[in-house]
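The block underneath contains the structure these notes are about, expressed in structure tokens.
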Amino acid sequence: MDDTFDLVDVVLLTLLPALGSILGVALAEWRKPSAWLTGTALHMAAGIATGVAAVELVPRAQERGETWLLALAIIGGALLSVVLVSLSRRLRKGKGEGSEVLWGAYTAIIIDLFSDGLMTGGGGAVAANLGVLLGASQVFGNLPGGFAITAGFREAGISRRKRLIAACSYPLAPVAGGVGGFLILDGASDALTGFVLALFAGLLLTATIEDLVPEADAPGASRKLSSPAFAVGFVLLLLMSSYLEA
């Protein structure tokens with residue numbers, strides 16, 4: 001499975017990142033998971049994300065571009081991650097209190113979903129299996145964000161109707177990002193494709209190590225669970241990559 005997707009396929013594929021957020025919403029509407037389960041799941045998500053960068057993005061970038069240019073792109077991806085995190089934190093803090101801050105956090109989640117869609121759509125333009133892996137890897141990673149926002153809305157007394165309307169808007173951001181990513185890399189030169197894939201790798205690795213792993217450690221999951229979960233996530237991505245290319 002190594003053919004590229006068309007635009008319609010990519011639009012459908014970019015619903016996967018939104019699926020993670022929506023699953024988080026459903027969980028928050030139902031019940032709160034235990035701390036050990038949350039931490040373990042997040043470590044698995046970190047393993048999957050690391051596997052995407054190490055197994056798929058970097059090797060594909062090396063096939064298409066000069067190493068020095070890819071090195072610059074990875075650094076550029078890390079800097080882009082810093083910008084996005086800074087913007088996200090500013091939105092999460094907000095200028096007011098209570099529900100105003102929550103709506104700022106909601107906007108930050110939308111920005112994150114847009115970047116997920118951008119990577120998924122761009123990956124789908126390069127190879128179908130890469131797009132699938134990028135989209136699927138975001139399901140676990142986006143679940144905590146959807147859960148946290150909805151749980152906060154509930155605690156702030158925001159009605160279920162408004163909470164569900166907010167959840168229904170989640171797919172719009174990754175679809176918009178996916179269309180943009182697809183149009184950028186569809187038919188692009190090898191040099192541009194390699195550069196963008198390396199940029200995605202830098203963005204994904206930095207976001208995983210600097211943001212997702214600390215978030216995974218916060219619930220206090222035992223090392224006996226978190227370390228194997230990280231390895232299982234990485235191996236799961238490795239197996240998926242091998243199977244999809246068969």
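The values are calculated or read from the model by the stated rules, or taken from the named source; none is laboratory data. This structure is a prediction, so every number in the text was calculated from the model and none was measured. Methodologically, a virtual Cβ is constructed for each residue, glycine included, from the backbone with ideal geometry; neighbour enumeration extends over all protein chains shown.
Collect the residues in region 57-68 that are in a helix (DSSP H, G or I) and either surrounded by 15 or more Cβ atoms within 10 Å (Cβ to Cβ) or among the basic types (K, R) (or both), keeping them in residue-number order.
L57, V58, R60, A61
Go through region 164-204 residue by residue and tally those that are among the small types (G, A, S) and touching a Pro at 6+ places or on another chain (Cβ under 9 Å).
Going through region 164-204 one residue at a time, the tally reaches 3.
Hey, any hits in region 199-214 for a residue that's outside any helix (DSSP H, G or I) and of a type outside the set (G, A, S)?
no
Any chance you could count how many residues in region 81-98 are buried (at least 18 other Cβ atoms within 10 Å of the Cβ) and at pLDDT 80 or above?
Number satisfying all stated conditions: 2.
Output the number of the condition that G187 fails; it satisfies all remaining conditions of (1) surrounded by 17 or more Cβ atoms within 10 Å (Cβ to Cβ); (2) modelled with pLDDT of 85 or more; (3) assigned to a loop (DSSP other than H, G, I, E, B).
For G187, the exception is condition (1).
Working only within region 167-217, note down all residues that are of a type in the set (F, W, Y) and more than 12 Å from the chain's Cα centre (by Cα).
Y170, F182, F195
Quick one: T107 ticks every box in (1) more than 19 Å from the chain's Cα centre (by Cα); (2) of a type in the set (S, T, N, Q); (3) at pLDDT below 90 except a single one, so which number is it?
It is condition (1) that T107 fails.
Any chance you could count how many residues in region 130-160 are farther than 17 Å from P174 by Cβ and surrounded by fewer than 21 Cβ atoms within 10 Å (Cβ to Cβ)?
10
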